[in-house]
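What follows draws every value from the coordinates through simple rules; no lab data is involved. Since the model is a prediction, treat every value here as computed from it, not as a measurement. Cβ placement follows ideal geometry from the backbone for every residue including glycine, while neighbour counts extend to all protein chains displayed.
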Amino acid sequence: MVRVGDSTMETWRGDITTLEVDAIVNAANSSLLGGGGVDGAIHAAAGPELLEECRALGGCPTGEARITAGYQLPAAHVIHTVGPIYPRLSPERAAELLASCYTNSLDLAAEQGLASVAFSAISTGVYGYPLGEATAIAVATTRAWLEAHPEQRMRVVFCCFDARTLAAYEAELAHAAIN
């Protein structure tokens, strides 16, 4: 765990749909209508009401975020963010959009008065973002947001589905702790 003022960043390995936090962040596609990977798992666990609410949102552009209820999830809310498809963009543009996913998700959480948020590893699955680069952006962007919003007192969890992702986030948090 890394402390940033009164806020924390930490890792957790497991299924994001089981986390008891105020909001989980879904690595969604731009339609917000479900898909594979974590997106499909979240939609399945939340139940059909999530799909109904997402339909009403009309999609979400890359780098932005939308919030819905969590329905049958332990989390009260789902923040849906659309990460960049890495091979389709310049590395600079992909990094900018990925950072926007974290910033916009944290902004939504703060607007809703939420105190705990769990992120999946956005864009690192089928969207092809290299894990090490994505992890560095996730941690640096989150830390910068927490430093800029000391009044929020936010617990941020980086949810890691497998050992490889967990190791990447733990290494990045260890680096953040000494810098």
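Structure summary
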read-out: ³J(HN,Hα), Karplus 6.51/-1.76/1.60, whole Hz, each residue of segment 26-39, x for Gly, Pro; value: 8, 7, 8, 8, 5, 7, 6, 9, x, x, x, x, 4, 4
read-out: Amide H partners (placed H, <5 Å) of Val4, local residues excluded; value: Met9
read-out: Loop-located GluC sites (Glu not before Pro) in segment 1-60, at most 12 other Cβ atoms within 10 Å (DSSP); value: Glu20
read-out: Gain on full stretching of the segment that runs from Glu92 to Asp6 - 0.36 nm per residue minus C-alpha separation; value: 27.8 nm
read-out: Residue order, fewest to most surrounding Cβ atoms within 10 angstrom, among Trp145, Trp12; value: Trp12, Trp145
read-out: Mean-position separation - Cα centroids, segment 1-31 and segment 67-107, in angstrom; value: 12 Å
read-out: Average Cα contact separation per residue, segment 1-128, under 8 Å, 6 or more apart, as relative contact order %; value: 30 percent
read-out: Beta bridge orientation in the chain: antiparallel %, DSSP, nearest 5; value: 30 percent
read-out: Magnitude of the charge dipole, the chain, Cβ model with Lys/Arg +1 and Asp/Glu -1, debye to 20; value: 240 debye
read-out: Tail weight of P(r) past 20 Å, computed on alpha-carbon pairs of the chain, percent; value: 47 percent
